[in-house]
Amino acid sequence: MVTRGFTGRARSASDAVPPGQYVTADFPVLTAGPTIAIEPEEWELTIGDGATSKTYDWDDLHGLPMVTITTDIHCVTHWSKRDTTWEGVSISTLFDDAGVDDLPFALVSSYGGYTTNLPVADLVDRDAMIAVRFDGGEIAAEHGGPARLLVPHLYLWKSAKWVRDIRLSDDEQQGFWETAGYHNYGDPWREQRYYSD
Amino acid sequence: MSHVDGNAMIGALSLAMGTDVADAGGVCAACGLDHPLAEAHVYLRCPGMVMCCPECSAAEIVLVEIEHRLMLTVRGLATIRFGTPAQS
Amino acid sequence: MAGSVRRALGWRTATVVDSIAETATARSLGLDVAAWSGHAAGQHVDIRLTAEDGYQATRSYSVSSGPGEAPQITVERVDDGEVSPYLVDVAEKGDTFEVRGPIGGYFVWEPAAQPLVLIAGGSGIAPLRAMWRAGTLRAPITVVYSARDVDRLIFRDELDSDATLAVRVHLTREQRPGFRSGRVGIDDLNEVIDARVAPAIYVCGPTSFVESVSRHLLTLDVDRRTIRTERFG
């Protein structure tokens, strides 16, 4: 049944954002658990393929070439935010530096226990990065700082906050929302929200 | 935005489980805390509803409503105790 | 049993039959729900709104009317919310939306002779109103209510006029005769709670308020099993 006078937040019908999305100017905070507070000095990221692994601390990461991208981001809860600017280390740079094999699947884990999975091709062939700055400043803890994964061409639940581990594997293992009924891949332009889409 | 009480998820959880869980208790699989589900911490500002242990914050139950079907994932409860008064 | 839960918790149509502006930012809506089976004091309902393009939003609201009375919710507008602005500013008598419930057996008070202490922050007063309206004269009831300023007080006339309630109102951002200023502190709670008589204590409000009051109560050696809390985001 339709509720008279209820629109929800304004949603854009423009084709500038994927179907079913509305544009928001603010940056909603969505989290499946408490905000994790980690100082850059305590933060570490491990990249591994089962045979080779390398752990980066904050300084190690900043020793790698940084890139800046401006991109739209899309949350499965229907909001999109346009023209966000992120600075960080691209995943392909990181994987090359770590010397890991490009096995087909990745499971990404966060401080606090969150996980998500995605094809390695989506990490290395597009704009995916370990982001350390957002719109010119540090990334706030509530948005995943000090460092988060950013995979802007997939729904934002793939862009794990407080990232601590990326494990490459021949076998696919599903993450937190993927296990719970969300789409395994999550392409916003094909509106792949749920497993049934 | 922070968490709310387990209460906020009891209705949908009862519907999913087919029995009223207002008085149900659970044992966290991560830290072993025995607690009423109504005292868990619930996060609603996310793609689904997530119930977390009030002690160690491990995710215990994830509930998603997909096209009018409820999908329940019990990730982190060792035990769920139905129908008896919750002990704290 | 599954069938009865499904009936109780399936979505039903609610029609707005009464609308009361409680403050500039809060409104009570009286609802007519087909086959409403009655509610206990402290229970809540889920409300689901559907936009024309199918977009849906669901939120939980406490029932603020007493058991035996018609269901009523009391809603404070949250500035970045999308359901509360509709309920406070848009919904009118005759409008309909979906409702599920009543729900909850934890934050519920069944009338008893044991003293009752109700502690509310902001619109957390809503489920506690259901409790004092359920009260009998046998149980002494104390209400501790914290709001930003006097204009944000919900149910002020009722709290003023009900002689069976011992009421203490805190204003956190305003000083005014007859009111306490500042947040509810440990001394304020110590005055109204005698741990030896083991009152039933219900605390409802924003998370930070409930956490702070709960910590104070445990410091006062109150048996934690007598404390029931409900937080909202």
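The values are calculated or read from the model by the stated rules, or taken from the named source; none is laboratory data. Only a predicted model underlies this, so the values are computations on that prediction, with no experimental measurement involved. We place every Cβ from the backbone using ideal geometry, glycine too, and count neighbours over all the protein chains shown.
Brief remarks follow.
- Selected residue [farther than 22 Å from residue C:63 by Cα, among the polar types (S, T, N, Q) and surrounded by 18 or more Cβ atoms within 10 Å (Cβ to Cβ)] from C:214, C:181: C:214
- Within the stretch B:1-19, the set of residues being part of a loop (DSSP other than H, G, I, E, B), within 7 Å of chain C (Cβ to nearest Cβ) and in contact (Cβ under 8 Å) with a residue 24 or more places away in the chain comprises B:1, B:3, B:19.
- Scanning the stretch C:174-189 for residues that are farther than 16 Å from residue C:119 by Cα and in contact with a helix residue (DSSP H, G or I) (Cβ under 9 Å, 6 or more places away or on another chain) turns up C:174, C:176.
- Every listed requirement among (1) more than 14 Å from chain B (Cβ to nearest Cβ); (2) in contact with a Ser or Thr (Cβ under 7 Å, 6 or more places away or on another chain); (3) free of Cβ contacts under 8 Å to residues at least 40 places away in the same chain is met by residue C:56 save one, (1).
- When C:16, C:90 are checked against the criterion of being touching a Gly at 6+ places or on another chain (Cβ under 8 Å), surrounded by fewer than 22 Cβ atoms within 10 Å (Cβ to Cβ) and either more than 8 Å from every other protein chain (Cβ to nearest Cβ) or among the aromatic types (Phe, Trp, Tyr) (or both), C:16 stands alone in meeting it.
- The lone exception for residue B:68 - which of (1) at the interface with chain C (Cβ under 10 Å from one of its Cβ atoms); (2) within 30 Å of residue A:142 (Cα to Cα) it fails: (2)
- Criterion violated by residue A:155 - all others in (1) hydroxyl-bearing (Ser, Thr, Tyr); (2) more than 10 Å from every other protein chain (Cβ to nearest Cβ); (3) in contact with a helix residue (DSSP H, G or I) (Cβ under 6 Å, 6 or more places away or on another chain) satisfied: (2)
- Scanning the stretch A:94-105 for residues that are touching a strand residue (DSSP E or B) at 6+ places or on another chain (Cβ under 8 Å) and either surrounded by fewer than 17 Cβ atoms within 10 Å (Cβ to Cβ) or over 23 Å from residue A:63 (Cβ atoms) (or both) returns A:99, A:101, A:102, A:103, A:104, A:105.
- Selection status of residue A:106, out of contact with any helix residue (DSSP H, G or I) (no Cβ under 9 Å at 6 or more places or on another chain) and of a type outside the set (Val, Ile, Thr): no
- Those residues of the stretch C:56-91 which are under 15 Å from residue A:4 (Cβ atoms) and charged (D, E, K, R), in sequence order: C:89
- Checking each residue in the stretch A:106-125 for being farther than 26 Å from residue A:29 by Cα and surrounded by fewer than 17 Cβ atoms within 10 Å (Cβ to Cβ) picks out A:121, A:125.
- When residue A:172 is tested against (1) in a strand (DSSP E or B); (2) surrounded by fewer than 19 Cβ atoms within 10 Å (Cβ to Cβ); (3) not polar (S, T, N, Q), only condition (1) is not met.
- Residues satisfying the stated conditions in the stretch A:71-93, i.e. in contact with a helix residue (DSSP H, G or I) (Cβ under 8 Å, 6 or more places away or on another chain) and among the hydrophobic types (A, V, I, L, M, F, W, C): A:73, A:75, A:76, A:89, A:91
- Positions within the stretch C:98-111 being closer than 28 Å to residue A:8 by Cβ and not in a loop (DSSP other than H, G, I, E, B), in sequence order: C:98, C:99, C:100, C:101, C:102, C:103
- Among the conditions (1) modelled with pLDDT of 95 or more; (2) more than 22 Å from residue C:151 (Cβ to Cβ), the only one that residue C:5 does not satisfy is (1).
- The stretch C:218-233, residues that are more than 7 Å from chain B (Cβ to nearest Cβ), closer than 16 Å to residue C:197 by Cα, surrounded by fewer than 16 Cβ atoms within 10 Å (Cβ to Cβ) and of a type outside the set (A, V, I, L, M): C:221, C:223
- Selection status of residue A:7, part of a loop (DSSP other than H, G, I, E, B), more than 19 Å from the chain's Cα centre (by Cα) and farther than 30 Å from residue B:41 by Cα: no
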